[in-house]
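Quick notes on the structure that follows.
Nothing in this text is a laboratory measurement; each read-out follows from the coordinates by a stated rule. Source: prediction; values computed, not measured. Cβ sites come from the backbone with ideal geometry, for glycine too, and all protein chains shown count toward neighbours.
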């Protein structure tokens, strides 16, 4: 944490996550070509809910506001749990899904994509994530 003082208050910063690879060790290799477009989305996933299998064509991160979320990699079966107050570095191009157990999960997701690019791409035969 870094503190800076001014005349009336102390500004505090905490780096939550800085990385060049996803939670499943897949490296981020490049940002998408095209005109940059940043998107911030708030998502609420009810208890006992699984998102459909999907991938993301661009780097993105999420911050869990409340609850707990488990991320599962389709190919390896590997899982990763994220709790309220933690950040998640999502995989780019790898098929995965998130699911909740007994409590809902509320998260804010930050996407670094290109104009006109979908934020999420469903696995063939799966419904859209959102």
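Could you list log10 I(q)/I(0) for the stretch 21-116 at q = 0.22 Å⁻¹, which the Debye formula gives when each Cα is one point scatterer?
-1.16
Could I have the simple spin-label model distance between residue 108 and residue 20, label points 7 Å from Cα toward Cβ, reported in nm to one decimal?
Computed distance between label sites residue 108 and residue 20 equals 2.8 nm.
Any idea how far the Cα center of the stretch 78-130 sits from the one of the stretch 16-33, in Å?
The distance from the Cα centre of the stretch 78-130 to that of the stretch 16-33 comes to 14 Å.
So if R0 is 25 Å, what FRET efficiency would residue 126 and residue 70 give, r being the distance between their Cβ atoms, rounded to the nearest 0.05?
0.90
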